[in-house]
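The values are calculated or read from the model by the stated rules, or taken from the named source; none is laboratory data. Every value quoted in this text rests on a predicted model; they were computed, and no experiment measured them. Methodologically, a virtual Cβ is constructed for each residue, glycine included, from the backbone with ideal geometry; neighbour enumeration extends over all protein chains shown. Just the protein is used for accessible areas: all its heavy atoms, side chains included, with ligands, DNA and RNA removed. Shrake-Rupley method; radii C 1.70, N 1.55, O 1.52, S 1.80 Å.
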Amino acid sequence: LIVVVMDVTDKIKEKLKLEYERDFDELSRLLNKQAFARETKKRLSLETKPVGVMIMWDLDNLKYINDTYGHEYGDIYIREASKVFAYLEQHNGLVARRSGDEFFAYVSGESEEELRDLIHGIHEMLGDVMIKLPGDKEMKVRASAGLVWCPKDGSEYDDLIKKADFTMYDVKRSNKG
């Protein structure tokens, strides 16, 4: 009888690190676009809650911050917004940074009213966040959002994403924030 004992701790750590790098955005520490799609499709296929909402956010003023103060301050703006959006994870939501200044989330619940209250709370929290800029200036973190309801507006991932994207840009054109 021969027994071989191997320490696989380093291999497991490396595997977990690679999985994290595959699934998470480095700057925001939220899911990336691909992981969000995979996890949301899974969630939609197994959904037990009566209603869900797909939210698309676009940060307001990020281009201005990057162009005026530099990308370092734009990154701060993104990280601060990400912290607020991540609050939805405490409500069993999935949250991701799509790219640049765009984020999405999917969260389900018992009613549209419950989810609207949750989203309204996110926007209030976002409005309370200020970033410090050079010259003793400050700027509130703001975002425009579009949302669509599942199953009322659709129940397929691609359809919900397209509709949320369209709705967000409609909001962005008419009334930022």
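So here's what we get for this one:
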{"read-out": "Within the range 1-51, considering residues that are outside any helix (DSSP H, G or I) and among the polar types (S, T, N, Q), the one farthest from the chain's Cα centre (by Cα)", "value": "Thr48"}
{"read-out": "Subset of the range 136-177 (residues that are closer than 21 Å to Glu39 by Cα, in contact (Cβ under 8 Å) with a residue 40 or more places away in the chain and part of a helix (DSSP H, G or I))", "value": "Tyr157, Leu160, Ile161, Lys163, Ala164, Asp165"}
{"read-out": "Qualifying residues in the range 96-116 (those that are under 13 Å from the mean Cα position of the chain (by Cα) and surrounded by fewer than 23 Cβ atoms within 10 Å (Cβ to Cβ)) - the one modelled with the lowest pLDDT", "value": "Ser99"}
{"read-out": "All positions within the range 26-58 that are closer than 30 Å to Lys137 by Cα and open to solvent by 50 Å² or more (accessible area, probe 1.4 Å)", "value": "Glu26, Arg29"}
{"read-out": "Conditions (1) open to solvent by 80 Å² or more (accessible area, probe 1.4 Å); (2) among the polar types (S, T, N, Q); (3) more than 23 Å from Tyr169 (Cβ to Cβ); number of the one not met by Thr9", "value": "(1)"}
{"read-out": "Close pairs from the range 96-121: first within 19 Å of Val171 (Cα to Cα) and in contact (Cβ under 8 Å) with a residue 60 or more places away in the chain, partner among the basic types (Lys, Arg) and buried (at least 16 other Cβ atoms within 10 Å of the Cβ), Cβ under 6 Å, at least 6 apart", "value": "Phe103/Arg97; Phe104/Arg98"}
{"read-out": "The lone exception for Glu89 - which of (1) at pLDDT below 95; (2) open to solvent by 20 Å² or more (accessible area, probe 1.4 Å) it fails", "value": "(1)"}
{"read-out": "Residue under evaluation Arg98, criteria (1) in contact with a helix residue (DSSP H, G or I) (Cβ under 9 Å, 6 or more places away or on another chain); (2) part of a helix (DSSP H, G or I), criterion not met", "value": "(2)"}
{"read-out": "Residue tally, condition open to solvent by 10 Å² or more (accessible area, probe 1.4 Å), of a type outside the set (Asp, Glu) and on the phi < 0 side of the Ramachandran plot, over the range 59-77", "value": "9"}
